[in-house]
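Visitor: Take a look at the following structure, please.
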Amino acid sequence: QTQYFRDTWAEIDLDALYQNVKTIRDGLPRETKLFAAVKANAYGHGDFQIAKEALKAGAHGLVVALLDEALVLRQKGIKAPILVLGLIRPADAGVAARHHISVPVVQLEWLKEAGRTMGAGVPPLKIHVKCDTGMGRIGLKHEEELKEIEQFIKQTDEFEFEGIFTHFSTADQASEKYYQGQLAAFKKFVSVLETVPKYVHAANSAGALCHNDSFFNAVRVGIAIYGLSASQERPPLNKGKQVFSLHSKIVHVKKIRPGECIGYGAAYQAEKEEWIATIPVGYADGWLRKLEGQSVIAGGERAEIVGRICMDQTMVRLPHYMPIGTQVTLIGGQGTGDFITVEEIAEKLDTINYEVICMINFRVPRFYKRGSKLIEVENPLFRGV
Ligand SMILES: Cc1ncc(COP(=O)(O)O)c(CNc2conc2O)c1O
(Lines give C-alpha, C1' and ligand atoms only; values in the text may rest on other atoms or scores of the structure.)
Protein backbone atom coordinates (compact mmCIF):
# COMPACT_ATOMS: atom_id res chain seq x y z
CA GLN A 1 0.00 0.00 0.00
CA THR A 2 1.40 3.40 -0.99
CA GLN A 3 2.74 5.38 1.93
CA TYR A 4 1.78 8.90 2.92
CA PHE A 5 3.03 10.73 5.96
CA ARG A 6 0.46 13.46 6.59
CA ASP A 7 -3.17 12.97 7.51
CA THR A 8 -4.69 15.04 4.71
CA TRP A 9 -6.18 13.23 1.74
CA ALA A 10 -8.77 13.41 -1.05
CA GLU A 11 -11.25 10.54 -1.31
CA ILE A 12 -12.57 9.43 -4.70
CA ASP A 13 -15.83 7.47 -4.59
CA LEU A 14 -15.50 5.11 -7.57
CA ASP A 15 -19.02 3.75 -7.10
CA ALA A 16 -20.41 7.27 -7.44
CA LEU A 17 -18.30 7.87 -10.55
CA TYR A 18 -19.51 4.61 -12.07
CA GLN A 19 -23.13 5.42 -11.31
CA ASN A 20 -22.83 8.99 -12.61
CA VAL A 21 -21.39 7.78 -15.93
CA LYS A 22 -24.00 5.02 -16.23
CA THR A 23 -26.87 7.46 -15.52
CA ILE A 24 -25.62 9.90 -18.14
CA ARG A 25 -24.96 7.04 -20.59
CA ASP A 26 -28.49 5.66 -20.09
CA GLY A 27 -29.95 9.14 -20.56
CA LEU A 28 -28.47 9.38 -24.06
CA PRO A 29 -29.71 7.69 -27.26
CA ARG A 30 -28.06 4.28 -27.61
CA GLU A 31 -26.10 5.31 -30.72
CA THR A 32 -24.62 8.42 -29.05
CA LYS A 33 -21.03 7.78 -27.95
CA LEU A 34 -19.99 9.12 -24.54
CA PHE A 35 -16.49 10.57 -24.23
CA ALA A 36 -15.44 11.16 -20.61
CA ALA A 37 -13.38 14.31 -20.04
CA VAL A 38 -10.38 13.19 -17.95
CA LYS A 39 -8.15 16.20 -18.64
CA ALA A 40 -6.36 18.01 -15.80
CA ASN A 41 -5.82 14.73 -13.96
CA ALA A 42 -9.53 13.98 -14.42
CA TYR A 43 -10.48 17.33 -12.89
CA GLY A 44 -8.25 16.47 -9.93
CA HIS A 45 -9.73 12.98 -9.40
CA GLY A 46 -6.86 10.96 -10.93
CA ASP A 47 -6.87 10.39 -14.69
CA PHE A 48 -5.99 6.70 -14.92
CA GLN A 49 -8.40 5.52 -12.20
CA ILE A 50 -11.25 7.66 -13.56
CA ALA A 51 -10.54 6.62 -17.17
CA LYS A 52 -10.78 2.92 -16.26
CA GLU A 53 -13.97 3.38 -14.22
CA ALA A 54 -15.67 5.57 -16.82
CA LEU A 55 -14.89 3.08 -19.61
CA LYS A 56 -16.23 0.25 -17.44
CA ALA A 57 -19.43 2.26 -16.87
CA GLY A 58 -20.08 2.70 -20.59
CA ALA A 59 -17.93 5.57 -21.83
CA HIS A 60 -16.81 4.94 -25.42
CA GLY A 61 -13.67 7.08 -25.22
CA LEU A 62 -11.82 9.85 -23.43
CA VAL A 63 -10.96 13.49 -24.08
CA VAL A 64 -7.90 15.18 -22.59
CA ALA A 65 -6.37 18.63 -22.99
CA LEU A 66 -2.74 17.78 -23.73
CA LEU A 67 -0.93 15.18 -25.82
CA ASP A 68 1.10 14.49 -22.68
CA GLU A 69 -2.10 13.45 -20.86
CA ALA A 70 -3.08 11.13 -23.70
CA LEU A 71 0.40 9.53 -23.82
CA VAL A 72 0.35 8.86 -20.08
CA LEU A 73 -2.98 7.03 -20.40
CA ARG A 74 -1.68 4.97 -23.34
CA GLN A 75 1.49 4.18 -21.34
CA LYS A 76 -0.72 2.93 -18.49
CA GLY A 77 -2.58 0.65 -20.90
CA ILE A 78 -5.70 2.54 -21.94
CA LYS A 79 -6.63 1.34 -25.43
CA ALA A 80 -9.93 3.22 -25.88
CA PRO A 81 -10.20 6.20 -28.28
CA ILE A 82 -8.54 9.32 -26.84
CA LEU A 83 -8.99 12.79 -28.34
CA VAL A 84 -6.69 15.67 -27.39
CA LEU A 85 -8.80 18.83 -27.26
CA GLY A 86 -5.94 21.34 -27.40
CA LEU A 87 -3.77 22.04 -30.44
CA ILE A 88 -0.58 19.98 -30.70
CA ARG A 89 2.61 20.96 -32.53
CA PRO A 90 2.86 19.75 -36.15
CA ALA A 91 6.21 18.22 -35.18
CA ASP A 92 4.44 15.97 -32.66
CA ALA A 93 1.99 14.54 -35.20
CA GLY A 94 4.07 11.36 -35.54
CA VAL A 95 4.00 10.70 -31.79
CA ALA A 96 0.21 11.05 -31.74
CA ALA A 97 -0.17 8.82 -34.81
CA ARG A 98 2.06 6.09 -33.38
CA HIS A 99 -0.08 5.96 -30.22
CA HIS A 100 -3.43 6.11 -32.05
CA ILE A 101 -4.29 9.41 -30.38
CA SER A 102 -6.78 11.68 -32.16
CA VAL A 103 -5.94 15.35 -32.47
CA PRO A 104 -7.76 18.56 -33.48
CA VAL A 105 -7.03 20.50 -36.67
CA VAL A 106 -8.11 24.06 -37.38
CA GLN A 107 -5.79 25.02 -40.25
CA LEU A 108 -4.74 23.50 -43.58
CA GLU A 109 -1.20 24.81 -42.99
CA TRP A 110 -0.90 22.68 -39.84
CA LEU A 111 -1.75 19.56 -41.82
CA LYS A 112 0.82 20.33 -44.49
CA GLU A 113 3.56 20.91 -41.91
CA ALA A 114 2.54 17.85 -39.87
CA GLY A 115 2.49 15.71 -43.02
CA ARG A 116 6.07 16.65 -43.71
CA THR A 117 7.22 15.51 -40.26
CA MET A 118 5.21 12.31 -39.82
CA GLY A 119 7.92 9.98 -41.06
CA ALA A 120 7.38 6.61 -42.69
CA GLY A 121 5.61 3.62 -41.22
CA VAL A 122 3.31 5.43 -38.79
CA PRO A 123 -0.44 4.76 -38.93
CA PRO A 124 -2.64 7.57 -40.32
CA LEU A 125 -3.12 10.37 -37.78
CA LYS A 126 -6.77 10.59 -36.69
CA ILE A 127 -8.04 14.12 -37.18
CA HIS A 128 -11.03 15.90 -35.63
CA VAL A 129 -11.64 19.23 -37.34
CA LYS A 130 -12.51 21.89 -34.74
CA CYS A 131 -15.01 24.59 -35.74
CA ASP A 132 -15.23 27.85 -33.80
CA THR A 133 -18.97 28.59 -33.77
CA GLY A 134 -18.74 31.16 -30.99
CA MET A 135 -16.52 29.92 -28.18
CA GLY A 136 -13.78 32.13 -29.59
CA ARG A 137 -10.92 29.91 -28.48
CA ILE A 138 -9.62 27.63 -31.26
CA GLY A 139 -11.34 26.52 -34.46
CA LEU A 140 -11.86 27.32 -38.12
CA LYS A 141 -14.53 29.87 -38.90
CA HIS A 142 -15.30 29.54 -42.61
CA GLU A 143 -16.80 26.73 -44.64
CA GLU A 144 -14.15 27.25 -47.32
CA GLU A 145 -11.44 26.31 -44.79
CA LEU A 146 -13.38 23.16 -43.87
CA LYS A 147 -13.79 22.10 -47.49
CA GLU A 148 -10.07 22.64 -48.20
CA ILE A 149 -9.12 20.52 -45.20
CA GLU A 150 -11.54 17.74 -46.16
CA GLN A 151 -10.13 17.62 -49.70
CA PHE A 152 -6.54 17.68 -48.47
CA ILE A 153 -7.12 14.80 -46.05
CA LYS A 154 -8.83 12.76 -48.78
CA GLN A 155 -5.73 13.09 -50.97
CA THR A 156 -3.22 11.94 -48.36
CA ASP A 157 -2.46 8.67 -46.58
CA GLU A 158 -1.01 10.39 -43.51
CA PHE A 159 -4.39 11.50 -42.12
CA GLU A 160 -7.78 9.99 -41.36
CA PHE A 161 -10.77 12.37 -41.13
CA GLU A 162 -12.23 10.86 -37.95
CA GLY A 163 -14.33 13.70 -36.51
CA ILE A 164 -15.67 17.22 -36.57
CA PHE A 165 -16.55 19.15 -33.44
CA THR A 166 -17.32 22.48 -31.82
CA HIS A 167 -17.61 23.70 -28.22
CA PHE A 168 -20.52 25.57 -26.63
CA SER A 169 -19.76 28.54 -24.41
CA THR A 170 -23.29 29.13 -23.06
CA ALA A 171 -25.03 25.73 -22.98
CA ASP A 172 -25.16 26.09 -19.17
CA GLN A 173 -27.02 29.40 -19.34
CA ALA A 174 -30.78 29.80 -19.06
CA SER A 175 -30.90 31.89 -22.24
CA GLU A 176 -30.87 29.78 -25.41
CA LYS A 177 -30.06 32.47 -27.96
CA TYR A 178 -26.30 32.22 -28.23
CA TYR A 179 -26.43 28.45 -27.93
CA GLN A 180 -28.93 28.23 -30.80
CA GLY A 181 -26.62 30.37 -32.95
CA GLN A 182 -23.71 28.03 -32.27
CA LEU A 183 -25.82 24.95 -32.94
CA ALA A 184 -27.04 26.31 -36.29
CA ALA A 185 -23.51 27.29 -37.33
CA PHE A 186 -22.20 23.83 -36.48
CA LYS A 187 -24.98 22.11 -38.42
CA LYS A 188 -24.05 24.28 -41.41
CA PHE A 189 -20.41 23.19 -41.17
CA VAL A 190 -21.41 19.52 -41.05
CA SER A 191 -23.76 20.01 -44.02
CA VAL A 192 -20.99 21.15 -46.37
CA LEU A 193 -18.89 18.03 -45.86
CA GLU A 194 -18.75 15.50 -48.70
CA THR A 195 -18.41 12.69 -46.18
CA VAL A 196 -19.63 12.91 -42.59
CA PRO A 197 -16.84 11.53 -40.37
CA LYS A 198 -17.25 8.87 -37.67
CA TYR A 199 -17.60 11.33 -34.78
CA VAL A 200 -19.69 14.52 -34.90
CA HIS A 201 -19.70 16.12 -31.46
CA ALA A 202 -20.53 19.41 -29.76
CA ALA A 203 -22.03 18.83 -26.32
CA ASN A 204 -20.28 19.24 -23.01
CA SER A 205 -22.12 18.28 -19.78
CA ALA A 206 -24.56 21.17 -20.08
CA GLY A 207 -25.29 20.15 -23.67
CA ALA A 208 -25.63 16.48 -22.84
CA LEU A 209 -27.91 17.16 -19.85
CA CYS A 210 -29.90 20.21 -20.98
CA HIS A 211 -30.00 20.26 -24.80
CA ASN A 212 -31.32 17.12 -26.47
CA ASP A 213 -30.62 18.71 -29.88
CA SER A 214 -26.89 18.92 -29.18
CA PHE A 215 -25.95 15.24 -29.16
CA PHE A 216 -25.11 14.59 -32.84
CA ASN A 217 -23.40 11.20 -32.43
CA ALA A 218 -21.03 11.83 -29.56
CA VAL A 219 -20.84 13.99 -26.44
CA ARG A 220 -17.89 15.06 -24.28
CA VAL A 221 -18.89 15.02 -20.62
CA GLY A 222 -16.68 16.22 -17.79
CA ILE A 223 -18.12 17.96 -14.77
CA ALA A 224 -21.29 15.85 -14.62
CA ILE A 225 -19.46 12.50 -14.34
CA TYR A 226 -17.89 13.89 -11.16
CA GLY A 227 -21.38 14.51 -9.76
CA LEU A 228 -20.97 18.28 -9.91
CA SER A 229 -23.39 20.86 -11.23
CA ALA A 230 -22.99 21.58 -14.94
CA SER A 231 -24.93 24.81 -14.69
CA GLN A 232 -25.64 27.45 -12.08
CA GLU A 233 -28.67 28.65 -14.06
CA ARG A 234 -30.38 25.46 -15.17
CA PRO A 235 -31.94 23.03 -12.69
CA PRO A 236 -29.43 20.26 -11.98
CA LEU A 237 -30.79 17.53 -14.26
CA ASN A 238 -30.00 14.16 -12.70
CA LYS A 239 -27.22 15.84 -10.73
CA GLY A 240 -25.13 12.84 -9.81
CA LYS A 241 -23.37 12.01 -6.58
CA GLN A 242 -20.28 14.09 -5.72
CA VAL A 243 -17.24 11.87 -6.28
CA PHE A 244 -14.61 14.08 -4.61
CA SER A 245 -14.14 14.75 -0.90
CA LEU A 246 -11.25 16.26 1.09
CA HIS A 247 -10.32 15.30 4.63
CA SER A 248 -7.71 15.94 7.31
CA LYS A 249 -7.18 15.23 11.02
CA ILE A 250 -6.59 17.44 14.05
CA VAL A 251 -2.86 17.39 14.86
CA HIS A 252 -2.90 19.99 17.66
CA VAL A 253 -5.62 21.39 19.95
CA LYS A 254 -5.51 24.11 22.64
CA LYS A 255 -7.79 26.30 24.70
CA ILE A 256 -7.11 30.02 24.29
CA ARG A 257 -8.17 32.91 26.52
CA PRO A 258 -9.97 36.09 25.42
CA GLY A 259 -7.51 38.39 23.62
CA GLU A 260 -5.15 35.67 22.44
CA CYS A 261 -4.36 35.80 18.71
CA ILE A 262 -4.23 33.11 16.02
CA GLY A 263 -2.20 33.02 12.80
CA TYR A 264 -0.16 35.41 10.70
CA GLY A 265 -0.70 39.08 11.29
CA ALA A 266 -2.34 38.14 14.61
CA ALA A 267 -5.36 38.77 12.43
CA TYR A 268 -7.73 36.71 14.59
CA GLN A 269 -8.27 37.51 18.27
CA ALA A 270 -10.38 35.36 20.56
CA GLU A 271 -13.24 37.21 22.30
CA LYS A 272 -13.89 34.45 24.80
CA GLU A 273 -12.34 31.14 25.87
CA GLU A 274 -12.11 29.01 22.73
CA TRP A 275 -10.87 25.61 21.63
CA ILE A 276 -8.60 25.96 18.59
CA ALA A 277 -7.49 23.02 16.45
CA THR A 278 -4.73 22.94 13.84
CA ILE A 279 -4.98 20.75 10.74
CA PRO A 280 -2.10 19.97 8.33
CA VAL A 281 -3.42 21.50 5.12
CA GLY A 282 -2.69 24.89 3.58
CA TYR A 283 -2.58 26.99 0.46
CA ALA A 284 0.37 24.98 -0.91
CA ASP A 285 -2.11 22.10 -1.21
CA GLY A 286 -4.52 24.33 -3.10
CA TRP A 287 -6.58 25.10 0.01
CA LEU A 288 -6.56 28.82 -0.73
CA ARG A 289 -6.21 31.68 1.84
CA LYS A 290 -9.55 33.12 0.70
CA LEU A 291 -11.15 30.15 2.50
CA GLU A 292 -10.56 31.84 5.87
CA GLY A 293 -14.00 31.97 7.47
CA GLN A 294 -15.28 28.90 5.57
CA SER A 295 -16.58 26.19 7.91
CA VAL A 296 -15.40 22.59 7.96
CA ILE A 297 -16.92 19.52 9.63
CA ALA A 298 -14.92 18.41 12.67
CA GLY A 299 -16.11 15.31 14.47
CA GLY A 300 -19.49 15.66 12.77
CA GLU A 301 -19.96 19.34 13.74
CA ARG A 302 -19.38 22.56 11.81
CA ALA A 303 -16.32 24.56 12.84
CA GLU A 304 -15.02 27.81 11.33
CA ILE A 305 -11.56 28.39 9.86
CA VAL A 306 -10.07 31.23 11.93
CA GLY A 307 -6.91 33.25 11.29
CA ARG A 308 -5.02 33.38 8.02
CA ILE A 309 -4.57 30.05 6.24
CA CYS A 310 -0.86 29.18 6.18
CA MET A 311 1.14 27.44 3.47
CA ASP A 312 0.79 24.05 5.16
CA GLN A 313 -1.56 24.49 8.14
CA THR A 314 -5.00 25.86 8.93
CA MET A 315 -6.56 26.75 12.29
CA VAL A 316 -10.17 25.99 13.16
CA ARG A 317 -12.35 27.14 16.09
CA LEU A 318 -14.03 24.07 17.57
CA PRO A 319 -17.47 24.13 19.28
CA HIS A 320 -15.83 22.27 22.20
CA TYR A 321 -12.76 20.19 22.99
CA MET A 322 -11.99 17.47 20.44
CA PRO A 323 -9.00 15.12 20.65
CA ILE A 324 -6.00 15.00 18.35
CA GLY A 325 -6.81 12.61 15.49
CA THR A 326 -10.42 13.80 15.11
CA GLN A 327 -11.33 13.69 11.40
CA VAL A 328 -11.97 17.07 9.77
CA THR A 329 -13.85 17.18 6.46
CA LEU A 330 -13.17 20.21 4.25
CA ILE A 331 -15.23 19.03 1.24
CA GLY A 332 -17.86 16.28 1.51
CA GLY A 333 -19.51 14.74 4.58
CA GLN A 334 -18.96 12.43 7.53
CA GLY A 335 -22.19 10.50 7.24
CA THR A 336 -23.94 12.74 9.75
CA GLY A 337 -26.24 14.38 7.17
CA ASP A 338 -24.23 17.61 6.98
CA PHE A 339 -22.35 17.91 3.68
CA ILE A 340 -19.99 20.49 2.19
CA THR A 341 -20.47 20.53 -1.59
CA VAL A 342 -17.76 21.58 -4.01
CA GLU A 343 -20.22 24.31 -4.98
CA GLU A 344 -20.20 25.67 -1.38
CA ILE A 345 -16.41 26.07 -1.55
CA ALA A 346 -16.66 27.60 -5.04
CA GLU A 347 -19.18 30.12 -3.68
CA LYS A 348 -16.82 31.13 -0.87
CA LEU A 349 -13.98 31.53 -3.38
CA ASP A 350 -16.20 33.40 -5.84
CA THR A 351 -15.25 30.87 -8.52
CA ILE A 352 -16.77 27.79 -10.22
CA ASN A 353 -16.81 24.19 -9.07
CA TYR A 354 -14.41 23.14 -11.85
CA GLU A 355 -11.62 25.28 -10.40
CA VAL A 356 -12.06 23.97 -6.84
CA ILE A 357 -11.44 20.33 -7.69
CA CYS A 358 -8.59 21.18 -10.08
CA MET A 359 -6.78 23.28 -7.47
CA ILE A 360 -6.28 20.49 -4.89
CA ASN A 361 -2.83 19.54 -6.12
CA PHE A 362 -0.25 16.75 -6.24
CA ARG A 363 0.71 17.20 -2.58
CA VAL A 364 -2.62 15.69 -1.45
CA PRO A 365 -2.77 11.90 -1.92
CA ARG A 366 -5.88 10.41 -3.54
CA PHE A 367 -7.65 7.50 -1.80
CA TYR A 368 -9.81 5.39 -4.15
CA LYS A 369 -12.80 3.80 -2.46
CA ARG A 370 -15.50 1.31 -3.38
CA GLY A 371 -18.16 1.62 -0.73
CA SER A 372 -16.24 1.95 2.52
CA LYS A 373 -13.35 -0.19 1.20
CA LEU A 374 -10.08 1.61 0.42
CA ILE A 375 -8.70 -0.05 -2.71
CA GLU A 376 -5.81 2.20 -3.75
CA VAL A 377 -3.77 5.17 -2.48
CA GLU A 378 -1.99 7.35 -5.05
CA ASN A 379 0.59 9.69 -3.53
CA PRO A 380 2.33 11.54 -6.41
CA LEU A 381 4.51 13.43 -3.92
CA PHE A 382 6.25 10.37 -2.50
CA ARG A 383 6.35 7.07 -4.32
CA GLY A 384 7.45 5.07 -1.27
CA VAL A 385 10.75 4.09 0.39
C1 LIG B 1 -13.64 21.18 -25.72
C2 LIG B 1 -14.24 20.70 -24.44
N3 LIG B 1 -15.13 19.68 -24.48
C4 LIG B 1 -15.70 19.20 -23.35
C5 LIG B 1 -15.41 19.74 -22.12
C6 LIG B 1 -16.13 19.18 -20.90
O7 LIG B 1 -16.93 20.20 -20.36
P8 LIG B 1 -17.78 19.90 -19.04
O9 LIG B 1 -16.78 19.58 -17.95
O10 LIG B 1 -18.52 21.17 -18.78
O11 LIG B 1 -18.65 18.72 -19.37
C12 LIG B 1 -14.50 20.81 -22.03
C13 LIG B 1 -14.23 21.39 -20.67
N14 LIG B 1 -13.48 22.54 -20.68
C15 LIG B 1 -13.40 23.38 -19.62
C16 LIG B 1 -14.03 23.28 -18.42
O17 LIG B 1 -13.64 24.37 -17.72
N18 LIG B 1 -12.83 25.16 -18.45
C19 LIG B 1 -12.66 24.54 -19.61
O20 LIG B 1 -11.95 24.95 -20.61
C21 LIG B 1 -13.91 21.30 -23.21
O22 LIG B 1 -13.02 22.33 -23.19
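Visitor: Filter segment 261-290 for residues that are open to solvent by less than 20 Å² (accessible area, probe 1.4 Å), of a type outside the set (Asp, Glu) and more than 15 Å from His247 (Cα to Cα) and give the result.
Guide: The answer is Ile262, Ala270, Ile276.
Visitor: So if I check each of Val38, Val103, Val72, which one is of a type in the set (A, V, I, L, M) and open to solvent by 40 Å² or more (accessible area, probe 1.4 Å)?
Guide: Details: Val38 fails: open to solvent by 40 Å² or more (accessible area, probe 1.4 Å); Val103 fails: open to solvent by 40 Å² or more (accessible area, probe 1.4 Å).
Within the list Val38, Val103, Val72, the selection yields Val72.
Visitor: Kindly indicate which of Ile357, Ile340 is outside the structural domain of Asp172 (by TED's automatic domain parsing), within 16 Å of the ligand (Cβ to nearest atom) and buried (at least 16 other Cβ atoms within 10 Å of the Cβ).
Guide: Values: Ile340 fails: within 16 Å of the ligand (Cβ to nearest atom).
Unique residue meeting the criteria: Ile357.
Visitor: Here's a follow-up. Residues Ala185, Ala174, Ala208, Ala203: which one is part of a loop (DSSP other than H, G, I, E, B), touching a residue at least 24 places away in the same chain (Cβ under 8 Å), in the same structural domain as Ile138 (by TED's automatic domain parsing) and open to solvent by less than 40 Å² (accessible area, probe 1.4 Å)? Before the answer, list the steps.
Guide: Details: Ala185 fails: part of a loop (DSSP other than H, G, I, E, B); Ala174 fails: open to solvent by less than 40 Å² (accessible area, probe 1.4 Å); Ala208 fails: part of a loop (DSSP other than H, G, I, E, B).
Going through Ala185, Ala174, Ala208, Ala203 in turn, just one is part of a loop (DSSP other than H, G, I, E, B), touching a residue at least 24 places away in the same chain (Cβ under 8 Å), in the same structural domain as Ile138 (by TED's automatic domain parsing) and open to solvent by less than 40 Å² (accessible area, probe 1.4 Å): Ala203.
Visitor: Another one. If you go through segment 213-253, how many residues are away from the ligand (no atom under 14 Å from the Cβ) and either acidic (Asp, Glu) or modelled with pLDDT of 95 or more (or both)?
Guide: 13
Visitor: If the Cβ limit is 7 Å and pairs must be 6+ apart or interchain, which residue in segment 218-233 that is open to solvent by less than 10 Å² (accessible area, probe 1.4 Å) pairs with which residue that is more than 9 Å from the ligand (Cβ to nearest atom) and hydroxyl-bearing (Ser, Thr, Tyr)?
Guide: Partner pairs satisfying both residue conditions: Ala218/Thr32; Ala218/Tyr199; Val219/Thr32.
Visitor: Where in segment 305-385 are there strands (runs of 3 or more DSSP E), lying fully within it, with 1 or more residues that are among the basic types (Lys, Arg)? Lay out the reasoning, then the answer.
Guide: Values: elements: 314-318, 327-333, 366-370, 373-378.
Correct list: 314-318, 366-370, 373-378.
Visitor: So, one more: Cβ contacts < 9 Å: first residue of a type in the set (D, E, K, R) and assigned to a strand (DSSP E or B), restricted to segment 22-37; second residue within 14 Å of the ligand (Cβ to nearest atom) and open to solvent by less than 50 Å² (accessible area, probe 1.4 Å), any location; separation 6+ or different chain. Result?
Guide: Hits for this filter: Lys33/Ala59; Lys33/Gly61; Lys33/Tyr199; Lys33/His201; Lys33/Ala218; Lys33/Val219.
Visitor: Considering only residues that are among the basic types (Lys, Arg) and in a loop (DSSP other than H, G, I, E, B), which ones fall in segment 226-282? Lay out the reasoning, then the answer.
Guide: Initially, segment 226-282 is screened for residues among the basic types (Lys, Arg), giving 234, 239, 241, 249, 254-255, 257, 272.
Result: Arg234, Lys239, Lys241, Arg257, Lys272.
The values are calculated or read from the model by the stated rules, or taken from the named source; none is laboratory data. No experiment lies behind these values; they were computed from the predicted model shown. Positions of Cβ are backbone-derived with ideal geometry, glycine not excepted, and every protein chain shown enters the neighbour counts. Each accessible area value is taken on the protein alone, full model and side chains, heavy atoms only, with ligands, DNA and RNA left out. Shrake-Rupley method; radii C 1.70, N 1.55, O 1.52, S 1.80 Å.
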